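The values are calculated or read from the model by the stated rules, or taken from the named source; none is laboratory data. None of these values were measured; they are calculated from a predicted model. We place every Cβ from the backbone using ideal geometry, glycine too, and count neighbours over all the protein chains shown. Ligands, DNA and RNA are stripped out before the accessible areas are found, and what is left, the full protein with its side chains, is counted by its heavy atoms. Shrake-Rupley method; radii C 1.70, N 1.55, O 1.52, S 1.80 Å.
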Amino acid sequence: MFAQTSFYIRGQLGKLPAPAVVYLGYSVDGDVVYDSAYVENGFFKIMQYVPYPVNALLMVSRNGEPVNFFSAKNIAHLYIEPGANIWLTSDEDIANFEATGSKTQDEYLQYQTFMSEINAKIEKLTEESSNTMFSDVSTQGLAAKRNYMERFRAAMEERKVKMKEFIQQNPELYISIDVLDEYAGAFVDYADVEPLYKILSDKTKKTIRGKAFQKKLLESKQAAVGTEAPDFTQKDPDGNKVTLSSFKGKLVLLNFWGSWNSASRIENQELKQIVKGYDSKKIVVINVGLESRREQWNQAISEDRLTGYNVSDLKFMKNEIAQLYKISAVPQNVLIDETGKIIARNLKGNQLEEKLTSLIGKK
């Protein structure tokens, strides 16, 4: 087992002197593994274990003090794998590294090259989002926000198309299971994802990652488009019960959100603008708050002036409605027709507006 699952990373980072330390972090089945190695005259060596190929983070601290992985700039993404003997070279900034000895890393570079154009486009849009537009709540500001969200969604959709192409063109590569996992996202659309899983090589399907993804795929059949919407009852901020089945005969939009999530808060504003155009007798919005603290939830409801009903059981990501509908990230939504069937998931912006107009028409 030792020989099969251990891997080595040896490297040279220019002539980086002591007391510099290289930190390694990666996740295996939800468990995080950390390790570190001292740098001596630019050289370092790490030996660890991994049961299957994993995308790891390598980070350098020049003074040897631990650094936050999520805010560090001197950082590298490197695929490690069982049995790998990796040789990494860089200048003193590890982000500029080159590596040999990991087959999965070679595949990852192939994927990064394939995605480079669309990733650059998204990076540019992300930089644009940091401007003052997002604090402007005037009519003009909301319109600018809506325009930005549509452009960002279109770019993300373009990225998904490219990811799908990569999987279809490279079903034999192990990296395709990781690409498929990201493509599927927080909610797996079974009808879209299952054909992509089917074309992967049998070798990949039999791996630990392949089997775990298959389990996730089968679970996604629950609460999929075309199935009966699971009924629920949950309380609003005043303790009144809100029951899904009591709205039969109306369209129901379940808006899964969190007061702590900036994307949710932006989408709440957009959703308010969209729903204004429709007869409230024909459509009901139920905002399901994935919250753990009542005060923050109430404050956000007040600030966002949400349309419709607000419910939460204050169990955060283990919210019972979220679990029924396989929600593991926000913002997401589910559209339920007058008979109680799920007819769409995660329609946003113009797509949502077009769907609602086709079903119930504008006011």
message: Can you tell me which residue is modelled with the lowest pLDDT among those in the range 11-23 that are touching an Asp or Glu at 6+ places or on another chain (Cβ under 7 Å) and either surrounded by 19 or more Cβ atoms within 10 Å (Cβ to Cβ) or among the hydroxyl-bearing types (Ser, Thr, Tyr) (or both)?
response: Leu16
query: So Arg265 clears everything in (1) over 17 Å from Leu324 (Cα atoms); (2) out of contact with any Ser or Thr (no Cβ under 8 Å at 6 or more places or on another chain); (3) at pLDDT below 95 except one condition, right? Which one?
result: (2)
message: When you scan the range 151-164, do you find a residue that is in contact (Cβ under 8 Å) with a residue 60 or more places away in the chain and either more than 20 Å from the chain's Cα centre (by Cα) or assigned to a helix (DSSP H, G or I) (or both), even just one?
response: yes
task: Determine which member of the set Leu347, Leu271, Leu314 is open to solvent by 10 Å² or more (accessible area, probe 1.4 Å), under 24 Å from Ala224 (Cβ atoms) and part of a loop (DSSP other than H, G, I, E, B).
output: Leu347
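Results for (1) touching a strand residue (DSSP E or B) at 6+ places or on another chain (Cβ under 9 Å); (2) modelled with pLDDT under 95, shown as yes or no for each residue.
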residue: Ser280; (1), (2): no, yes
residue: Val288; (1), (2): yes, no
residue: Ser292; (1), (2): no, no
residue: Thr307; (1), (2): yes, yes
residue: Glu320; (1), (2): yes, no
- request: Restricting attention to the range 237-248, report how many residues are open to solvent by 30 Å² or more (accessible area, probe 1.4 Å) and not in a helix (DSSP H, G or I).
  value: 7
- prompt: Which ones in the range 320-344 are open to solvent by less than 40 Å² (accessible area, probe 1.4 Å) and either touching a Cys at 6+ places or on another chain (Cβ under 6 Å) or without any contact (Cβ under 8 Å) to a residue 60 or more places away in the chain (or both)?
  reply: none
query: Quick check: is even one residue across the range 57-70 free of Cβ contacts under 8 Å to residues at least 60 places away in the same chain, among the polar types (S, T, N, Q), more than 28 Å from Val179 (Cα to Cα) and surrounded by 15 or more Cβ atoms within 10 Å (Cβ to Cβ)?
result: yes
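Matching residues to (1) at pLDDT below 95; (2) farther than 21 Å from Leu173 by Cα; (3) among the aliphatic types (A, V, I, L, M):
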position: Ile9; (1), (2), (3): no, yes, yes
position: Val28; (1), (2), (3): yes, no, yes
position: Gly42; (1), (2), (3): no, yes, no
position: Arg62; (1), (2), (3): yes, yes, no
position: Ala72; (1), (2), (3): yes, yes, yes
position: Ile75; (1), (2), (3): yes, yes, yes
position: Ile80; (1), (2), (3): no, no, yes
position: Ala95; (1), (2), (3): yes, yes, yes
Residue in the range 195-215 that is among the basic types (Lys, Arg), open to solvent by 10 Å² or more (accessible area, probe 1.4 Å) and closer than 28 Å to Gly308 by Cα present: no
